[in-house]
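Since every read-out is calculated from the coordinates, none of them should be taken as a lab result. Remember, predicted model here, so these are calculated numbers, not experimental data. Neighbour counts run over all protein chains shown; Cβ positions are idealised from the backbone, glycine included.
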Amino acid sequence: MTVNMTKGQAISLQKSDGGTLTAVRMGLGWQAAKRRGLFGSRTKEIDLDASAVLFADKQPVDVVFFRHLQSDDGSVRHTGDNLVGGVGQGGDDESILVDLQRVPVHIDQIVFTVNSFTGQTFQEVQNAFCRIVDETNGQELARYTLDGGGIYTAQIMAKVSRVGAGWQMTALGAPANGKTFQDLMPSIAPHL
C-alpha cells in the first residue's frame, strides 16, 4: 500500500510484514508543462537532475548524480541522466538505487535533491513526483508530489535517515535555487 506523503511527513522504511527493507529505489518523474503560444500550446524540454548526497554526522561524504553514477562504496547508484522527462508517462524518469544493507555504518542520512540543470523553473514542470519503491519486489511504498510550481530551480525532495537499526523517509519538498547539487548545499543544511 502506497503512502501519499505530505511535506514534512516521515515514514518508517519497513516491509508490511515487519521485516527490514534491504534495497529501495528513489524515483523521480516529471513532464514539461504545456504553454499557450501564438500557434497553440507547446512544450519545451526540461532537464531535471536527481542527486543523492550521503552525510555522516551532518558532513557530506559522497554524492551520486549524473556525472558520478555510483557512490564510492557502491551502495548508491544512479541509473542515468534523462534530459527531457515525461518518457515514462508517470513512471520514473530518473532513479537512484540504494542498497540499504551496504550503506556504510557511518552514513546516517541520504538527501535526495532535484534541480534544473538548464535553469528552468518549476513553473515549467508538471506532474513531478518522487517515490520510494521496495526494489526487491517493485512495491511502491511512498509517493510525494512535487507540486506548486514556483520560480525556484531546485527542490530538496526527501531524505532517508537511520533510526535505530532501520531507516525512515522524510518528505522535505523544500524549494531552492541552483543548477547542481553543489549549489544546493546551503539549502540542504537546515534539513539535516
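Modelled spin labels at A23 and R162, positioned 7 Å past Cα toward Cβ, are 2.2 nm from each other.
3J(HN,Hα) along segment 121-129, derived from phi through the Karplus expression 6.51 cos²θ - 1.76 cosθ + 1.60 where θ = phi - 60°, amounts to 8, 6, 5, 9, 10, 9, 6, 8, 8 Hz, with x in place of Gly and Pro.
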